[in-house]
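Participant: Can you read through this structure? Questions will come right after.
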Amino acid sequence: MQKIKHRVKCFDSEILVVHKNEAYELSIQSLLNPLGFGSALETFLDEDDAVSAAQYFCHMYTIAKEKGYYLQNNSFTKPDKESYAANWVIEKKFSEDEWSTILAG
């Protein structure tokens with residue numbers, strides 16, 4: 001059985017931590033279409049790690065939006081720039097400065 005354990009409102013979306021099959025799935029869901037459990041971004045074995053990642057992801061998403069990026073197919077995308085997979089960003093745990101520098105490149 002799937003159960004939402006944590007929610008983080010982030011712009012027009014919610015970042016969800018869903019308990020699923022002995023793991024915690026981090027996903028993003030549009031508030032305009034709040035059915036289901038959203039689009040999966042990453043999976044964690046520990047609930048606290050998943051909750052921390054949800055908060056971190058929203059923070060990195062905020063920085064990306066400020067730089068003109070948007071989320072498409074689970075990647076941060078901007079025309080004529082390199083795209084960055086959301087799960088890669090979550091795994092790397094960049095600092096604000098590191099992430100800003102990457103996006104500026």
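The values are calculated or read from the model by the stated rules, or taken from the named source; none is laboratory data. Note that the structure is a prediction, hence the values are computed from the model and not measured. These area figures cover heavy atoms from the full protein model, side chains too; ligands, DNA and RNA do not enter into them. Shrake-Rupley method; radii C 1.70, N 1.55, O 1.52, S 1.80 Å.
Participant: How high is the relative contact order of segment 2-104, in percent, counting Cα pairs under 8 Å that sit 6 or more residues apart?
Facilitator: Working: 159 pairs, mean separation 18.8, N = 103.
Result for segment 2-104 is 18 percent.
Participant: Same structure, new question: Would you mind working out the accessible area per residue for the chain, using a 1.4 Å probe, and quoting it in Å²? Can you show the working numbers first?
Facilitator: Values: 6230 Å² over 105 residues.
So the chain comes to 59 Å² accessible per residue, rounded to a whole number.
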